[in-house]
Amino acid sequence: MGNEKLTIAVTGLNNIDSPGPGVPVIRGIKDSNLDARIIGLAYENLEPGIYMPRLVDKTYLMPFPSTGSEAFLKRLAYVHEKEQIDIVIPNFDSELYLFIKFSDKLLEMGIHTFLPTMEQFEERHKDNLPEFSKKYNITVPESKAIVNSKELANLPKPLSYPYWIKGKFYEAFKVINNNQAVFYFNKLSAKWGLPVVVQQSIQGTEVNVVALGDGKGNTVAAVPMRKQYITDKGKAWGGITLNDERLLEITHHIIRETKWRGGMELEMIKTDDGEYHLIEINPRIPAWVYLAVGAGQNIPEMLCRLALGEKVESVTEYEFGKMFIRYSWDLIGDISDFEKIIIFGEL
C-alpha cells in the first residue's frame with residue numbers, strides 16, 4: 001500500500017464491565033504507521049466507543065446479527081457505499097458467523113477481512129472442545145454439551161462439582177449443586193441458545209494468550225498474560241505479560257496444526273504441577289489486546305496488513321512484566337449526539 005488513507009470499520013465499541021475489543025483494536029491501529037479513517041459499527045446506541053473523542057471518525061448503527069443476514073448485509077453495503085471500507089474487523093463471537101460466511105461477497109465489494117475459515121471457527125466451539133483436544137493432542141478439562149436441563153442430574157463421570165456451566169457464545173457460571181446448574185442452564189440457553197456446556201472446574205492459575213495466525217500455520221504474533229484482577233463476569237480488569245515458553249509452545253502448536261487464520265485468544269489453566277489445560281479458544285482478538293500493543297506486538301496493525309494481503313514478518317519479542325489496568329472514565333457528551341444516532345442511525 002502506498003500512502004493512501006485506509007478506511008477501517010470496527011465493531012465491538014462497548015467499553016463497559018464486559019468490554020468489547022473494538023476500542024483497544026482502534027487504539028492499536030492509531031498507534032501504528034497505518035494512515036486510517038476509523039468507522040465504528042455499533043449495535044447499541046450507548047456503546048461508549050461511539051462518543052469517545054478522536055477515536056472513531058464516524059459511527060453507524062448496525063442491526064443485530066440475529067436479525068438475519070439480509071438486513072445485516074444491506075446495512076453494511078449502505079455504509080460501504082458511503083465510506084468505501086477497505087477492511088472490516090468484527091470483534092464479537094456472535095457476529096463472526098455472518099462475516100465468515102459472507103467474506104467472499106465482502107471481498108467482491110472491496111472489503112477485506114482476515115478471519116478464521118468456517119471449519120476453524122466451528123471446530124473450536126465450546127461444545128466441540130473434547131474432539132478438538134483429541135484431534136490436536138491438547139489437554140482440556142472434562143466437558144459435555146447439554147441440550148436439556150434433565151441431563152444435569154446424572155452427568156457422566158468424572159464430571160463433578162464444582163463445575164462451570166457456559167453459554168454458547170458468552171458467560172460462564174461456577175456451580176456447586178444441581179439447583180444452581182438448572183437455574184444457569186435456563187438463563188444461558190434463553191440468552192445464547194443451545195447447547196450449554198458443562199466443564200469441569202480446575203484448580204490453578206488462569207493464563208491467556210492473544211495470538212495471530214497467518215492461515216498457513218505460522219504464528220505472526222503471540223503474547224501471554226496472567227489476569228491480575230478479575231471482575232465478577234470473569235473479565236480481566238488488570239493483567240501482566242508473562243515469560244512462559246511452554247504456553248507459547250502450545251500456542252504455536254495449535255496455530256500450526258489448525259493453520260489458524262486471524263486473531264485468537266487461548267484461555268488456559270496452569271495447575272500447580274505445571275500442566276496446562278485449555279478451557280476455551282476465542283476466535284477473535286480479545287478485549288485486552290492493547291496490552292500486547294504496549295508490550296511491543298501491534299496485533300491490530302498486523303491483522304490489517306494481512307487482510308490487505310501484505311507480507312507480515314512474525315514477531316516473537318515482547319516485554320515481560322508489562323501490566324494493564326482498566327478504569328472507568330466518565331465521558332461528557334451532548335444529548336444531541338445521542339439523538340442523532342437514535343434518529344439517523346449514524347454519527
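Note on segment 158-248: enclosed strands (runs of 3 or more DSSP E) holding 1 or more residues that are surrounded by 19 or more Cβ atoms within 10 Å (Cβ to Cβ), in contact with a Leu (Cβ under 9 Å, 6 or more places away or on another chain) and of a type in the set (Ser, Thr, Tyr) are 163-166, 219-230, 236-241.
Any residue in segment 256-277 that is in contact with a Phe, Trp or Tyr (Cβ under 6 Å, 6 or more places away or on another chain), buried (at least 17 other Cβ atoms within 10 Å of the Cβ), within 26 Å of MET323 (Cβ to Cβ) and not assigned by TED's automatic domain parsing to the domain that holds PRO19? Looking through segment 256-277, at least one residue is in contact with a Phe, Trp or Tyr (Cβ under 6 Å, 6 or more places away or on another chain), buried (at least 17 other Cβ atoms within 10 Å of the Cβ), within 26 Å of MET323 (Cβ to Cβ) and not assigned by TED's automatic domain parsing to the domain that holds PRO19. Of the numbered criteria (1) under 25 Å from LEU76 (Cα atoms); (2) in a loop (DSSP other than H, G, I, E, B), the one GLU301 fails is (2).
There is at least one residue in segment 265-287 that is within 26 Å of TYR170 (Cα to Cα), among the acidic types (Asp, Glu) and touching a helix residue (DSSP H, G or I) at 6+ places or on another chain (Cβ under 9 Å).
Among the candidates ASP31, ASP17, ASP104, the residue that is touching a strand residue (DSSP E or B) at 6+ places or on another chain (Cβ under 9 Å) and either at pLDDT below 95 or not aliphatic (A, V, I, L, M) (or both) is uniquely ASP17. Does segment 96-104 include one or more residues that are touching a residue at least 60 places away in the same chain (Cβ under 8 Å), of a type outside the set (Gly, Ala, Ser) and not in a strand (DSSP E or B)? Yes, that holds for at least one residue. Set side by side, the residues ILE8, ILE26, ILE38, ILE85 differ, and just one is part of a helix (DSSP H, G or I) and crowded, with 19+ Cβ neighbours inside 10 Å, which is ILE26.
The conditions of being out of contact with any Asp or Glu (no Cβ under 9 Å at 6 or more places or on another chain), farther than 20 Å from ILE269 by Cβ, among the aromatic types (Phe, Trp, Tyr) and outside the structural domain of PRO65 (by TED's automatic domain parsing) are not met by PHE169. Looking only at residues of segment 135-149 that are in a helix (DSSP H, G or I) and at pLDDT 95 or above, we find that the one that is farthest from GLU257 (Cα to Cα) is LYS135. Scanning segment 319-347 for residues that are among the aromatic types (Phe, Trp, Tyr), over 21 Å from the mean Cα position of the chain (by Cα) and in a loop (DSSP other than H, G, I, E, B) yields PHE320, TRP329. Inspect all residues belonging to segment 46-60 and state whether any of them is out of contact with any Cys (no Cβ under 9 Å at 6 or more places or on another chain), under 18 Å from ILE341 (Cβ atoms), of a type in the set (Ser, Thr, Tyr) and without any contact (Cβ under 8 Å) to a residue 60 or more places away in the chain. Looking for residues that are out of contact with any Cys (no Cβ under 9 Å at 6 or more places or on another chain), under 18 Å from ILE341 (Cβ atoms), of a type in the set (Ser, Thr, Tyr) and without any contact (Cβ under 8 Å) to a residue 60 or more places away in the chain, one finds none in segment 46-60, hence no.
The values are calculated or read from the model by the stated rules, or taken from the named source; none is laboratory data. Just so it is clear, the structure is predicted and the values come from calculations on it, not from any experiment. In this analysis, Cβ positions are derived from the backbone assuming ideal geometry, glycine residues included, and neighbour counts consider all displayed protein chains.
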